[in-house]
Amino acid sequence: TLRVLTGITTSGTPHLGNYAGAIRPAIAASRQPGAESFFFLADYHALIKCDDPARIQRSRLEIAATWLASGLDTSRVTFYRQSDIPEIPELNWLLTCVTSKGMMNRAHAYKASTDANEAAGEELDAGVTMGLYCYPVLMAADILMFKAHKVPVGRDQIQHIEMARDVGQRFNHLFGAGRELFVLPEAAIEDNVATLPGLDGRKMSKSYDNTIPLFEGGAKALKAAVARIVTDSKLPGEPKDPDNSHLVTLFDAFATADEREQFRADLRAGLAWGEAKQRFLTVLERDLAPMRAKYDELMSRPEHIEALLQEGAAKARAVATPFLAELREAVGLRRFN
Ligand code: TYM
């Protein structure tokens, strides 16, 4: 069997980047014969970026409803919240003790903070918590706990998965006594959507405030967001350069091969940006409209979502509990009761 695992941080409203980069490929992978999938809400990770409890709670619900509306089948996928699995923070500690500090110094999220501080002439570690610094270790625990082979993610997460491999390898070497305790994971990246751009052309990201929300706000919000995608100032009738337009990159992520070719040809022939956006909205809605109805229905039944997550947590713990016992024993922390 092939184990597929991925998670989303519950610190905001799911957007097109999360969907195209992670949710859609993960669900496709989970439907492959023989796949065994673990998809989860990374709600401990959310605490690293967010100290607003109401927002985290809301985000957990929105992201859970998004997964389910996008076709996650809980009879095939173990679907759970990270914070419902106490074995994960326990493993996090075992891994912390074999993770080199130098590797954490190089982690992108931490480096982005220290670089920004340096540029602003501040103390390097100003505002950096230990949560942010050790974020890749917790992520390694998420992945290694379930012996995942493939981790469908956007390009921004590749480094973290390489770090998980590194940490897993080190642990195997120190404590495996010749056995592979941990499976070493690989990132699974969809080339054409590895980094979906946001409204302004930078990576679509909650932190840049340039996202297109998937379902929240309904068809109206989607239309309003699409209208705000930045284009150049070429007038209707003027030829456009499709290779230099992030609207085209966005379109590509939701269109068929024929539609992509036609879109490029029409832009070169002078298609107005307004009409181009309307076409993007049409291909988007073809995918999203049916899911949105499901999403709205799920959001009105939080108790149903809660029941599914609790079932998922029980399934996940049935894997995590015996494995953690084995790991504890490997490091000399066997429990005798
Ligand atoms: P997060 O919550 O930032 O993003 C969730 C997933 O969405 C992908 N993504 C994108 N893909 C393409 N284009 C974009 N603009 C874009 N923006 C986001 C991300 O690459 C990611 O796959 N640390 C992770 C959550 C996590 C995790 C894990 C993932 C925790 N533990 C274990 C995999 C395995 C994160 O913050 O993703």
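Scanning region 6-19 for residues that are more than 6 Å from the ligand (Cβ to nearest atom) and either part of a helix (DSSP H, G or I) or of a type in the set (A, V, I, L, M, F, W, C) (or both) returns Leu16, Tyr19. Which one is nearest to Asp84 (Cα to Cα), of the residues in region 292-308 that are free of Cβ contacts under 8 Å to residues at least 60 places away in the same chain and more than 21 Å from the chain's Cα centre (by Cα)? So, considering only residues that are free of Cβ contacts under 8 Å to residues at least 60 places away in the same chain and more than 21 Å from the chain's Cα centre (by Cα), the one nearest to Asp84 (Cα to Cα) is Ala307. Scanning region 202-244 for residues that are within 17 Å of the chain's Cα centre (by Cα) and hydroxyl-bearing (Ser, Thr, Tyr) gives Ser205, Ser207, Tyr208, Thr211. Could you say whether any residue in region 128-135 is outside any helix (DSSP H, G or I), away from the ligand (no atom under 16 Å from the Cβ) and not assigned by TED's automatic domain parsing to the domain that holds Pro89? Taking every residue of region 128-135 in turn, at least one turns out to be outside any helix (DSSP H, G or I), away from the ligand (no atom under 16 Å from the Cβ) and not assigned by TED's automatic domain parsing to the domain that holds Pro89. Among residues of region 89-101 that are over 10 Å from Leu144 (Cβ atoms) and surrounded by fewer than 18 Cβ atoms within 10 Å (Cβ to Cβ), none has a Cβ under 8 angstrom from a residue that is at pLDDT below 95 and of a type in the set (S, T, N, Q) at a sequence gap of 6+ or on a separate chain.
From the list Thr321, Thr282, the one residue that fits, being farther than 30 Å from Phe38 by Cα, at pLDDT 95 or above and among the β-branched types (Val, Ile, Thr), is Thr282.
Output the number of residues of region 217-241 satisfying the condition of being under 20 Å from Lys203 (Cβ atoms) and surrounded by 18 or more Cβ atoms within 10 Å (Cβ to Cβ).
Step one: of region 217-241, the residues under 20 Å from Lys203 (Cβ atoms) are 222, 225-226, 228-232.
Applying the additional criterion that residues be surrounded by 18 or more Cβ atoms within 10 Å (Cβ to Cβ) yields 222, 225-226, 229.
Going through region 217-241 one residue at a time, the tally reaches 4.
Inside region 190-204, residues that are at pLDDT 95 or above, surrounded by 15 or more Cβ atoms within 10 Å (Cβ to Cβ) and either more than 8 Å from the ligand (Cβ to nearest atom) or not in a strand (DSSP E or B) (or both) make up a count of 5. Taking residues in region 170-197 that are more than 12 Å from Ala20 (Cβ to Cβ) and of a type in the set (Lys, Arg), and partners anywhere that are more than 13 Å from the ligand (Cβ to nearest atom) and part of a loop (DSSP other than H, G, I, E, B), the pairs with Cβ atoms closer than 8 Å and at least 6 places apart or on different chains are Arg170/Val98; Arg170/Thr99. Among the residues of region 80-100, are any farther than 22 Å from Val128 by Cα and part of a loop (DSSP other than H, G, I, E, B)? There is at least one residue in region 80-100 that is farther than 22 Å from Val128 by Cα and part of a loop (DSSP other than H, G, I, E, B).
Testing Ile23 on (1) within 23 Å of Glu297 (Cβ to Cβ); (2) within 8 Å of the ligand (Cβ to nearest atom); (3) more than 12 Å from the chain's Cα centre (by Cα), one condition comes back false. Which one is that? Ile23 satisfies every listed condition except (3).
Answer yes or no: is there a residue in region 80-91 that is over 19 Å from Asp43 (Cβ atoms) and out of contact with any Phe, Trp or Tyr (no Cβ under 6 Å at 6 or more places or on another chain). Looking for residues that are over 19 Å from Asp43 (Cβ atoms) and out of contact with any Phe, Trp or Tyr (no Cβ under 6 Å at 6 or more places or on another chain), one finds none in region 80-91, hence no.
From the set of residues in region 242-271 that are small (Gly, Ala, Ser) and in contact with a helix residue (DSSP H, G or I) (Cβ under 9 Å, 6 or more places away or on another chain), which is surrounded by the fewest Cβ atoms within 10 Å (Cβ to Cβ)? Once the filter is applied, the top-ranked residue is Ala265.
Looking only at region 225-242, decide whether some residue is without any contact (Cβ under 8 Å) to a residue 24 or more places away in the chain and within 16 Å of the ligand (Cβ to nearest atom). No, region 225-242 contains no residue that is without any contact (Cβ under 8 Å) to a residue 24 or more places away in the chain and within 16 Å of the ligand (Cβ to nearest atom).
Determine if region 26-48 includes at least one residue that is of a type in the set (Val, Ile, Thr), in contact (Cβ under 8 Å) with a residue 12 or more places away in the chain and closer than 24 Å to Arg292 by Cβ. So far as region 26-48 goes, yes, one or more of its residues are of a type in the set (Val, Ile, Thr), in contact (Cβ under 8 Å) with a residue 12 or more places away in the chain and closer than 24 Å to Arg292 by Cβ. Taking region 136-170 as the search range and keeping residues that are out of contact with any Pro (no Cβ under 7 Å at 6 or more places or on another chain) and assigned to a loop (DSSP other than H, G, I, E, B), which one is farthest from the ligand (Cβ to nearest atom)? Filtering first and then ranking leaves Lys147. Considering only region 60-79, how many residues are in a strand (DSSP E or B) and closer than 16 Å to Thr10 by Cβ? Residues meeting the conditions: 1.
The values are calculated or read from the model by the stated rules, or taken from the named source; none is laboratory data. Everything numeric in this text was worked out from a predicted model, so none of it was measured. Methodologically, a virtual Cβ is constructed for each residue, glycine included, from the backbone with ideal geometry; neighbour enumeration extends over all protein chains shown.
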